[in-house]
Structure formats: structure tokens, C-alpha cells
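Laboratory data are not the source of any read-out in this text; all were calculated from the coordinates shown. Source: prediction; values computed, not measured. When we count neighbours, we look across all protein chains shown, and the Cβ atoms used for this are built from the backbone with ideal geometry, even at glycine.
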Amino acid sequence: MPGDPAAGCPALSRRSFLAASAAAGALPAQAAAPTPARPADAAAAAVHMTVNGSRRSLALDPRVTLLDALRDHLDLTGTKKGCDHGQCGACTVLVNGRRINSCLSLAVMHEGDTVTTIEGLGTPEALHPMQAAFVRHDGFQCGFCTPGQICSSVAMLQEIRQGVPSHATADLMQLQLSDAEVRERMAGNLCRCAAYPNIVAAIRDVAGGRA
Ligand code: FES
Ligand code: FES
């Protein structure tokens, strides 16, 4: 039979050819699938960040998010885990001055970065102006979203100072901080307690320099 390895060799049947080949290792029985790495097996990655003014060095599973690194490895539990899917903003922190959802970012992506959490903005004795304004305007009820709201609003005012427009900006040449502007820019930070009017008032207070 054309193409038959045993063809033309009457002393070697197809069955005996296969048996001999398998015994010699020429035909591996079945390629073993690689075993998926378990968390304990994953190689730790070194990450160095400046967090709230202090240089921190961590050895982390590469799959650890920045949020979990802050909360579980640095005990900075002020940053909250709400949805863990980038939908609520409770995990907002500042990285190199910009606001990000820390649940959507791997810690290993922040080698050399400067991270500021709610603990780094102010202290109970010396509140950041935005923290003081939230207290003054009752910008919270349960407080779970508040660290993210405050970090986000601090970065948001910086974005306005830099002239970054939003979808609610009517005049690109003269950016006004209206309620609509604040609400649009803070749309990524949800509050289940619906403290939105007070949050907007606190932000506008700081923006007006009265904090
Ligand atoms: Fe990160 Fe909700 S916990 S956006
Ligand atoms: Fe409760 Fe915002 S104060 S979720």
C-alpha cells in the first residue's frame, strides 16, 4: 500500500511496527499538559514604589493588583474595594498625580511610581483641604466611597487647572466649574448613599478657595 511504512517489508506488520516504535520511545504515548501554576508556585516580582512619601519595596505575585498591594501588603486600608471591576471608584488613588482605579492596575506596573492614598493626603490633625470640606459639607454618610471620592476630586481639580475639558464643558476657552461640570468629572465615583449634592458642594468649596 503506498505510504504504508510497513509496505514492502513482509517481516514487519503494521501492528508490530507500532508496538516496536512505542517501546523504543519513538511514539510518546500522550504529551502531558503543563500543570497550571498555583499561587504558591508563582514567582514573586520585586516592586519599588514611593507610597505616601515613603519608599516601599515589595515582593509580589505578578497578579496582585495595586489595590490589594496597598491594602493587604502595606496595610493601607483607607483605599476601599467596592466592585473590584473598575465600576465604582472606591479604590481611586493618585499615581504620579493622576487618579486611577487601583483595582484595574497590577502592582508590578508601578515600578518607580509615586502613589498617594487617602492616608497620604492629610492626617486627622492636619486634614487636606478637600478632606476638611467633605467634613464641613457632610459629603458622606456611610463613608465607604469617601476615600475614593476625595482622591478623585483632588486630581479632578488639578485636571481643571491644567485645562483638561470634559464632556460637560461648554466653553473650552473659559472653563467654569459648574455643578454639571463637577458631576460629569466625578461620574466614575459612585455613592450608594447618594451624598452627591454635598460632595459637589465640598468640591466647589475647595475650588473656590474657601476651604
Ligand atoms: Fe475599583 Fe470599584 S473597587 S472601581
Ligand atoms: Fe456611603 Fe458614599 S457615603 S457610599
Query raised in the report: So for 93, 164, 154, fewest C-beta neighbours within 10 Å to most, what's the order?
Result: 164, 154, 93
Report summary line: Most exposed to least, judged by fewest other Cβ atoms within 10 Å, 125, 159 sort to 125, 159
Report task. Could you list the residues of region 173-211 with an amide nitrogen less than 15 Å from a label point located 7 Å from the Cα of residue 104 in the Cα-to-C-beta direction? Result -> 185-190
Query raised in the report: Roughly how many nanometres apart are two label points built 7 Å out from the Cα toward the Cβ at residue 96 and residue 178?
Result: 3.4
Requested in this report: Return one quarter of the surface area of the convex hull spanned by the alpha-carbon atoms of region 78-211, equal to its mean projected area, in nm².
Outcome: 8.2
Report summary line: Percent of all Cα-Cα pairs per 5 Å bin for region 35-129, counting from 0 up to the last occupied bin, reads 3, 14, 24, 25, 17, 10, 5, 2, 1, 0, 0
Query - Relative packing of peptides 130-139, 165-174, 56-65 - highest average C-beta neighbours within 10 Å first - result: 130-139, 56-65, 165-174
Report summary line: Fewest to most Cβ atoms within 10 Å: 199, 160 sort as 160, 199
